[in-house]
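Presented below is the structure to which this report refers.
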Amino acid sequence: MQVNKSCYKIQINGIVQGVGFRPHVFRLASELGLSGWVLNSSYGVFIEIEGTPDKLDEFVGRIIKSPPPLALIREYTVEEIDPPGYEDFNIKESKNDDSRNVMISPDIATCPECRRDVSDPADRRYLYPFTNCTNCGPRFTIIKDVPYDRAKTTMASFPMCPICQAEYEDPLNRRFHAQPNACPVCGPHLTLFNRRQEIVLESVSNLLKKGSIIAVKGLGGFHLAADARNREAVAQLRHRKRRDAKPFAVMTRDLETARMYCKISPDEEQFLISRQAPIVVMQTREKNGLPGDIIHPGLNTLGVMLPYTPLHFLLFDDDLNILILTSANISDEPLIINNEDAIEKLNDVADYFLIHNRDIYNPCDDSVINVTPQGTAHFFRRARGYVPGAIQIPTSSRPILAVGSELKNTFCMTRGNEAYLSQHWGDLNHYNNYLNFLNGIERFKNMLAVQPEIIVHDLHPEYQATRWAKSQKEVELIGVQHHHAHLASVMAEHDLAGEVLGLICDGTGWGCDGAVWGCEVLRGDYQNFSRLGHLKYLPLVGGDLSSRRPYRMAFIYLVSALGDKGIEEAGKLLPNLQPVERDLILQRLDSQREIFTSSCGRLFDAAGAILGISPINHYEGQAAIELEACADRNVHGIYEYSIETDAGMIIMNSLPMWLEMIQDINKKLPAGTIAGKFHTTISDMFLKSLIKARENTGLNRVVLSGGVFHNQIILLELIQSLTCSGFEVYQHQQVPPGDGGISLGQAVIASERGM
Ligand code: ZN
Ligand code: ZN
Ligand code: FE
């Protein structure tokens, strides 16, 4: 007899696919003795649940308050309907439909239970590299289409064995409806071979210990692995990868091992062991036994990650606890994801290949962060573990595609008030990166079921992304100034409304006056901005050449600051500057036809070059990064500079400091002392300009963005001094301050304008 039964129809949206939502619902329904069904569709999770009203309310409360660990409920509705008289509880087949509101989960690091499975000799998954469950494993990198089901992933070609199938169908099992579920019987397999493609039976860790370089197929792409303690192996890797100076990341066997090499704060530990498992850049320990000079030349920080798939556990043993694990790409080319490409392109880089037969569909590099004193993430690269997680934005508009910048490109697509940032595509001047970018756009459109109606681009007419945007038909185009996008990007992260001040410091951005901007005090909101001040203009002789050869910019600073004396000092301090190049630059300076720049990146380059730290940039921003690394943080006092006003514009003039810097160099003061004082000077100059901007505008909120804010000394000193001066200061937490975060700002600006 049916007594007093009710029925609720529930719809839940958010990250609900691939996170064990249905089994969770099933278990709860069983526990409470409720009947009905649950269905996963592109619209989200649907539930009809029947039972006594008190049990139903308990059910709803528990689902919403404690969803499965990886789920994120964005919204839900509950509607009472007539009880159909369900007798039991079922999980219905997935529905495929057009409007897809679900979100795809990023890839998730191996959970503790799966880690236990693979380290238990009695378990059938002992040492099985593809072990996963509902709480962990590959997601974004294997998903081809939504809704998320095995058939739509690169696991489709591996039919489950009866035991796996039984786990998959058992609502009480941790692997219930775990789409990538696999075991040694039915799942993907590893193969290890040498350059001649002969199978090798020796263990991977033994080969690594002998100094071999191994190409390892990972979650979002191939890595190159080498024993990080083996100087010869690391040097070989650097040589073969044609990577002159860029720091390598490492993976340690576990957290305890990581502590041997780095000083790890409790906050850093939390990020290391998080399910996103990013590379965390941390201070190294002195005398940690690593050849630091070739792993992270010129730096005292090291990027460390922990194993995030069972395959990684297999690379280590009792005597091998730290590996270089660097993305397998050749210079600035894309990450390699196919076996064939790896074998072909890495044949003279890797000695061995550890490959497997599960395809990587979406390439995704490791994410790189450091942790701020406030305990928040500061992103250098936002990719694996975070993409394609949504970022909430203030407004909802027609679908937007923001195509980002040129270097460190990401794009951003919006659906309602959610912004989806892509993984990093790198420098779009490389054709293959550009192809990946185009391909990525199509995949995001499909994944989000969105057809962008507005395309947003940078004002730089020669950016590849801008050119592509302008070639698109039947869409509305919106051009956004580079530094305005940086500003809006921080505002969006913090959901700021109204006008703010922005200090945006980076290498280059297309300015509204024909100059190359890069150190700008702005006021603005999502709609508009105006420029209140900037670093004093200097001629940029030779454009891009200046960013690759910091000594050229140092010369221009010396000449501009000191005239003939500057030329004389350059002769002593800039050995890379040959007389021919020097005369050519002087001629061009005389001609007065050069483009002008307020680039902050070039100012740091110049300071790095003058101190002999890094006269040539082998990778983007090297001089600035090494200048920061060498700076003595206990130095007090500042060099002379001036803040001037020109037709209402605040001009930060750093030229006066050059005479004093030269004097300090000639006094043979340590480079670290001078670098330290340089940093303090710049921070002070920024503070004073912002105070002036506040006086002029009455605005008290400041957002900080631009690649220069990867510099932790400037960032932290400035935040502290601004806060002491009563400013409300906002920095990035979810996207990089550099150009990898710019597409978010572009999207938000368009979202406000395009409503
Ligand atoms: Zn697991
Ligand atoms: Zn199996
Ligand atoms: Fe920028």
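Numbers at a glance
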quantity	calculated
Residue in the range 132-139 that is assigned to a strand (DSSP E or B), closer than 17 Å to residue 26 by Cα, within 16 Å of ligand 1 (Cβ to nearest atom) and in contact (Cβ under 8 Å) with a residue 24 or more places away in the chain present	yes
Matching option when the condition is in contact (Cβ under 8 Å) with a residue 60 or more places away in the chain and either within 16 Å of ligand 1 (Cβ to nearest atom) or in a helix (DSSP H, G or I) (or both), among 446, 439	446
1 or more residues farther than 28 Å from residue 538 by Cα: qualifying helices (runs of 4 or more DSSP H) within the range 658-755	712-724, 742-753
Residue match in the range 81-89 (condition: within 15 Å of ligand 1 (Cβ to nearest atom), surrounded by fewer than 20 Cβ atoms within 10 Å (Cβ to Cβ) and either closer than 30 Å to residue 444 by Cα or touching a residue at least 60 places away in the same chain (Cβ under 8 Å) (or both))	no
Pick from the range 170-182, criterion among the aliphatic types (A, V, I, L, M) and more than 11 Å from ligand 2 (Cβ to nearest atom), ranking: surrounded by the most Cβ atoms within 10 Å (Cβ to Cβ)	178
Scan of the range 479-528 for residues that are surrounded by 23 or more Cβ atoms within 10 Å (Cβ to Cβ), of a type in the set (A, V, I, L, M, F, W, C) and not in a strand (DSSP E or B), ordered by number	485, 487, 488, 490, 491, 492
Residue among 146, 185, 204 that is within 28 Å of residue 353 (Cα to Cα), more than 16 Å from ligand 2 (Cβ to nearest atom) and aliphatic (A, V, I, L, M)	204
Single condition residue 117 does not satisfy, out of (1) assigned to a helix (DSSP H, G or I); (2) modelled with pLDDT under 95	(2)
Subset of the range 547-586 (residues that are of a type in the set (S, T, N, Q), farther than 13 Å from residue 614 by Cα and in contact (Cβ under 8 Å) with a residue 12 or more places away in the chain)	560
Cβ-Cβ under 6 Å pairs, at least 6 apart or on other chains, the range 503-521 side under 19 Å from residue 722 (Cα atoms), far side more than 16 Å from ligand 1 (Cβ to nearest atom) and among the acidic types (Asp, Glu)	504/520
Criterion (under 25 Å from the mean Cα position of the chain (by Cα), outside the structural domain of residue 624 (by TED's automatic domain parsing) and within 25 Å of residue 339 (Cα to Cα)) met by exactly one of 245, 215	215
Of residues in the range 599-655 being over 19 Å from residue 407 (Cα atoms) and polar (S, T, N, Q), the one surrounded by the fewest Cβ atoms within 10 Å (Cβ to Cβ)	634
Residue list for the range 295-316, restricted to those being farther than 19 Å from residue 256 by Cβ and either at pLDDT below 95 or outside the structural domain of residue 216 (by TED's automatic domain parsing) (or both)	297, 298, 299, 300
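The values are calculated or read from the model by the stated rules, or taken from the named source; none is laboratory data. Since the structure is predicted, the reported quantities are computational estimates derived from the model, not experimental observations. Virtual Cβ from ideal backbone geometry, glycine too; neighbours counted across all protein chains shown.
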